[in-house]
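Here's the structure, in structure tokens; my notes come after.
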Amino acid sequence: MRLIPAIDIQGGRCVRLRRGDFADETVFGDDSVAMAEHWVREGARFLHVVDLDGAREGVPRNFRLVRAIAEAVPIPVEVGGGIRTQATLDLVAGSRVAKAVIGTSAVEDEAFLERALAVLGPDRIVVAVDVEDGFVKTKGWQEQSDVRALELVHRLEEGGVREILYTDISRDGMMQSVNLEGIRELAQNSRLDIIASGGVTSLDDLRALAALEPLGVTGVIVGRALYEGRFTVAEALAALDEADGTTPGTVGDRDAAAGRAGPDAGPSVEPAGGR
């Protein structure tokens, strides 16, 4: 399972929010590039960068820093926040950013998501499924839609998306552990790769998530727990490797673990709770 340290940028600084509240920030550094280099030195193999100003305003506001981070580190960097136009897709396509994380437009503009998949390819697109009380939120988590998480996941799956980032907003930045049941429900009802986010507090949280890897939970984003020193990158990687044996589940493993029919097993039966 991939451990992905998070770097959230607001006003040019590296911050962490609580429950996505832009006014409730903790500043952890003024140099986001230096922070990225720090996590690489600690052993990080992937990075997740969010332009918080872009997420709120709908257009990138810190892409200069995002580009600098991607050019400064030798590991894949995914970026989200304000990716809602063709011009932004072009920015990502012309940079060393490995993946674009798309949130609002995936819910509100299916035509844009189709263009993004065509321009960048499905392997470079991650769709953010940001959830509170079962419903998806958009525009930097400021507006609640009438779309349920599973409804969106099924729509994305049909549209050719391969990977999603699931965040339980109520847990994000609160150090209250992860929503294992919500993550498990999505994994059991889809064949998408899932990155889990929101609430990771301890090494036990990581071990619990690693146990879901055969269902398709392939990555975990960690923010405040790393910044506050609850554990190190090395300790986190060791916990994940200890829990999952370092061997990712195959599609067949995932089908078996989820109790689902494989691709050659004949007609499928809709999982309980499916729409």
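The values are calculated or read from the model by the stated rules, or taken from the named source; none is laboratory data. All values derive from a computational prediction rather than experimental measurement. We place every Cβ from the backbone using ideal geometry, glycine too, and count neighbours over all the protein chains shown.
Scan the range 41-67 residue by residue and report those that are surrounded by fewer than 17 Cβ atoms within 10 Å (Cβ to Cβ) and within 28 Å of residue 235 (Cα to Cα). Within the range 41-67, 41, 42, 43, 45 meet the criteria. Against the test of being farther than 29 Å from residue 210 by Cα, surrounded by fewer than 16 Cβ atoms within 10 Å (Cβ to Cβ), of a type in the set (A, V, I, L, M) and modelled with pLDDT of 95 or more, the options 23, 116, 72 yield a single qualifying residue, 72.
Residues considered: 180, 237, 212. Of these, the only one that is buried (at least 22 other Cβ atoms within 10 Å of the Cβ), closer than 15 Å to residue 1 by Cβ and modelled with pLDDT of 85 or more is 212. For residue 223, the test of being modelled with pLDDT under 95 and within 26 Å of residue 104 (Cα to Cα) is passed.
Of all the numbered requirements in (1) in a strand (DSSP E or B); (2) touching a Leu at 6+ places or on another chain (Cβ under 7 Å), residue 165 misses one, and that requirement is (2). When 134, 121 are checked against the criterion of being surrounded by fewer than 18 Cβ atoms within 10 Å (Cβ to Cβ), on the phi > 0 side of the Ramachandran plot and in contact with a helix residue (DSSP H, G or I) (Cβ under 9 Å, 6 or more places away or on another chain), a single residue qualifies: 134.
For residue 127, the requirement of being modelled with pLDDT of 90 or more, touching a helix residue (DSSP H, G or I) at 6+ places or on another chain (Cβ under 7 Å) and under 13 Å from residue 107 (Cα atoms) is met.
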